[in-house]
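Each reported figure results from applying straightforward, stated rules to the coordinates on display, with no laboratory input. Keep in mind that this is a model prediction, so the values were computed, not measured. Glycine gets a Cβ as well: all are built from the backbone with ideal geometry, and neighbour counts include every protein chain shown.
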Amino acid sequence: MPIDDTKLESELKGLRRRMRFRLFTALSMPAAAFVGLGINRIDKTTCVTSLPGGWRTQNPFRTMYWAVQGMGAELSTGAAPFALSRSMPEKLRMFVVGVESTFTKRAKGKVTFICEDVEKTRKAIEESLATGESVNCNLKSIGHDSSGDVVSEWVFKWNFRVLQDR
């Protein structure tokens, strides 16, 4: 059975609800909850996440720790497939099988991550649904500081496989 667009919209709406997302992160991703990771926007084309600056996200050099940036970037690429997985009757196995990153500027203050590959994610999941095979999908996230400058670029290689009853 294909992805249910009505249920998908409901799942995306749920991720946009601040309190529901905070509860989800507290229970499922406590490190993300601790650093203040949030979803600013998520729809069928784009996912935008953000991290506040400050003592919870900084390294000894008073810039944002690279691993914290990785959390924000990963969520911007992983939230949409998570919502897609919850909008279909089959189970979706998804995990990161590779990551590349480039840091172009010191990250200070609030950093926002933008992934515009949501449609690419859906196509990969639909391919796995049609073939029953694993599908790799490279999803890019770009981190911007509060002045709009690019601070880091990330490519997460996700592996999706729809698990069909046999």
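Applied to region 127-143, the Karplus parametrisation 6.51 cos²θ - 1.76 cosθ + 1.60 on θ = phi - 60° returns per-residue 3J(HN,Hα) values of 5, 5, 4, 6, 9, x, 9, 6, 10, 8, 8, 8, 10, 9, 10, 10, x Hz, with x for Gly and Pro. In the chain, the DSSP-assigned H stretches of four residues or longer account for a calculated mean residue ellipticity at 222 nm of -12000 deg cm²/dmol, using -39500 (n - 2.57) per stretch and the full residue count as denominator. Give the residue from V99, S87, G109 lying farthest towards the positive end of the charge dipole for region 5-163; charges sit on Cβ (+1 for Lys and Arg, -1 for Asp and Glu) and the dipole is referred to the Cα centre. Positive-most Cα among the choices belongs to G109. Axis angle, to the nearest 10 degrees, between helix 18-28 and the longest C-alpha principal axis of the chain: 80 degrees.
Simple rule: put +1 on each Lys or Arg Cβ and -1 on each Asp or Glu Cβ in region 5-163, find the dipole, and look at P52, L15, V155; the Cα lying farthest toward the positive end is P52.
The stretch between N159 and F103, if pulled fully straight at 0.36 nm per residue, gains 17.7 nm over its current Cα-Cα span. Decide, for region 110-155, between rounded, prolate and oblate: order the square roots of the alpha carbon gyration tensor eigenvalues as a ≥ b ≥ c, take rounded if a/c falls under 1.5, and otherwise choose prolate if a/b is larger than b/c, else oblate. The shape class here is prolate. For the options E126, E11, E100, a Gaussian network treatment of the chain with springs between C-alpha atoms closer than 10 Å singles out E100 as fluctuating the most.
Would you kindly state the longest site-free stretch of the chain, with sites defined as chymotrypsin sites (Phe, Trp or Tyr not before Pro) in a DSSP loop (not H, G, I, E, B) surrounded by at most 11 other Cβ atoms within 10 Å?
62-166
Rounded to 0.05, the FRET efficiency of the T131 and S28 pair, given R0 = 22 Å and the Cβ-Cβ distance, is 0.15.
Under 5 Å between amide hydrogens, built in the peptide plane, is the criterion, and for G38 it picks out S50 among residues at least 5 positions away or on other chains.
Take every Cα pair under 8 Å whose residues are at least 6 apart in sequence, average their separation, divide by the length of the chain, and the relative contact order is 24 percent. Rounded to the nearest 20, the size of the Cβ-charge dipole of region 3-88 about its Cα centre is 340 debye, with Lys and Arg at +1 and Asp and Glu at -1.
Between the Cα long axis of helix 66-85 and the first principal axis of the chain there is an angle of about 20°, rounded to the nearest 10. Under a model in which nothing but the beta-carbon of Lys, Arg (+1) and Asp, Glu (-1) is charged, region 5-163 shows a dipole of about 660 debye around its Cα centre.
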